[in-house]
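Here is the structure we will look at, set down as structure tokens.
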Amino acid sequence: MMRRWSAMSRPVRELLRLVRDSRAVAMIEFAFIAPIILLMGLAGIEMANLAITHMRISQAAMHIADNASRIGDRDQLAAQRVFEADINDLFIGVNIQAGEQVGLLENGRVILSSLERNADGGQTIRWQRCMGLKNATSEYGGQGTGATGTGFAGMGSGGNVLRAGTGQAIMFVEIVYDYQPILDNAFTEPYISPPEIRSSAAFTVRGARDLSQVFQRTPAAPVAACNRFTMTP
């Protein structure tokens, strides 16, 4: 046996010794499994961030719809009037609330619509204001949709279609946002397309509101028209 072992060439002997060596087995196994564990951890972090972003976008939609239902001058002798400057402040405020990490207006679009009843008893989008760089439109149409007739059912999906009553207005908000992943886009984009997040919220206007138009103060404020794609009024 010794004669056979000594007759082997040195490279063969070294190879056999390496095969029989059981030291550092755990380290080698960890080296194989570490990349998988790392990828699972990163995927978990990304999923958690996606869930948090969904929550932030949903809260932002509710925030602006709630505030839009309350805005207006406070005159006890007349119906409240909504001004263009007030609407601009809503957009700026919701962008701050969402946080710099989200970049709501930089990566998304906020659409505010006033759903009202038209002269024929149907539903109409009396006015609509938008802000944000993303090229997106309302799922229900633009300003003036349903101006006449009863063909426009209202706003909402499934069994949750909202309809404004006579003399009422519903502030309906839609947010369309391109999710910004934590991982470098150059790493994720070839395999995973960042999802588009859509969220909506609606509140009925509190109190009596002058629904004839959106008013201007002096000097006039910029109009956040939906054919403009900006982050500022």
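With +1 on each Lys and Arg Cβ and -1 on each Asp and Glu Cβ, and nothing else charged, work out how big the dipole of the chain is about its Cα centre, in Debye to the nearest 20. Display every interim value, and only then the final one.
Values: 22 positive and 21 negative charges, 215 e Å.
The calculated dipole for the chain is roughly 1040 debye.
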Problem set entry | Förster radius 45 Å - calculated FRET efficiency between MET40 and THR137, Cβ distance, rounded to 0.05 | 0.70
Exercise. Suppose R0 equals 25 Å; then what is the FRET efficiency for ALA225 and ILE96 from their Cβ-Cβ distance, rounded to the nearest 0.05?
Worked result: 0.70
Problem set entry | Stretch gain in nm, segment LEU183-ARG10, where the contour uses 0.36 nm per residue and the Cα spacing is subtracted | 57.4 nm
Exercise. Given the alpha-carbon gyration tensor of the stretch 101-233, what are the semi-axes of its equivalent ellipsoid in whole angstrom, ordered largest first, with each equal to the square root of 5 times an eigenvalue?
Worked result: 32, 19, 12
For this session: May I ask for the angle, rounded to the nearest 10°, between helix 84-98 and the longest principal axis of the chain, with both axes built from Cα atoms and the value confined to 0 to 90°?
Result: 20 degrees
Exercise. So how tilted is helix 10-20 from the main axis of the chain? Cα-based, degrees 0 to 90, rounded to 10.
Worked result: 60 degrees
For this session: Rounded to the nearest 500, what is the 222 nm mean residue ellipticity of the chain from helices alone, with -39500 (n - 2.57) per DSSP H run of 4+ residues and division by all residues?
Result: -11500 deg cm²/dmol
Problem set entry | Nitroxide proxy distance, nm - points 7 Å out along Cα→Cβ at ASP66 and THR150 | 3.6 nm
For this session: Measure off, as a whole percent, the carbon and sulfur share of the 1.4 Å-probe accessible area of the chain, all protein chains present.
Result: 58 percent
Exercise. How far is helix 25-68 tilted, in degrees, relative to the longest principal axis of the Cα atoms in the chain, given as a value from 0 to 90 rounded to the nearest 10?
Worked result: 0 degrees
For this session: Sorted from largest down, give the three principal axis spans of the alpha carbons of the stretch 41-99, whole angstrom values.
Result: 61, 15, 10
Seminar exercise, completed: Per 10 angstrom bin, beginning at 0 and ending with the bin that holds the maximum distance, the Cα pairs of the chain fall in percents of 7, 25, 24, 14, 8, 6, 5, 5, 4, 2, 1, 0
For this session: Note down the nm distance, to one decimal, between modelled labels 7 Å out along Cα→Cβ at ALA85 and at ALA48.
Result: 4.5 nm
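The values are calculated or read from the model by the stated rules, or taken from the named source; none is laboratory data. Here the structure is a predicted model, which is why all the values come from computation and not from measurement. Positions of Cβ are generated from backbone atoms using ideal geometry, with glycine treated the same way; all protein chains shown enter the neighbour counts. Side chains are part of the model used for accessible areas, which takes the heavy atoms of the whole protein and leaves out ligands, DNA and RNA. Shrake-Rupley method; radii C 1.70, N 1.55, O 1.52, S 1.80 Å.
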